[in-house]
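One structure is given here, and the rest of the page talks about it.
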């Protein structure tokens, strides 16, 4: 994640496919078994599973690009 980036629920632009977000977070949770250095970021992203926003998805794809 970008240093100083704060994720919040106040963003009004909801992500159009929350199921995709949930699947990607689940896959990252599985990866924490072999890469424990991403556990903090995955925990932060998993807090917004109920209603992810576009900014949450951008942070998720950034983590996927960096760590996988």
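The calculated FRET efficiency for the pair residue 67 and residue 14, based on their C-beta separation and a Förster distance of 22 Å, comes to about 0.30. The Cα trace of region 18-67 gives Rg and Dmax of 9.8, 28 Å, the first to one decimal, the second as a whole number.
Can you sort 57, 43 so the residue with the fewest Cβ neighbours within 10 Å comes first? Kindly include the intermediate steps, with their values, before the conclusion.
Values: 57 20, 43 13.
Sorted ascending by nearby Cβ count, the order is 43, 57.
No lab work stands behind these numbers, since they all come straight from the coordinates. The model shown is predicted, which means the values in this text are computed figures rather than measured ones. Don't worry about glycine lacking a Cβ; one is built from the backbone with ideal geometry, like all the others, and counts go over all protein chains shown.
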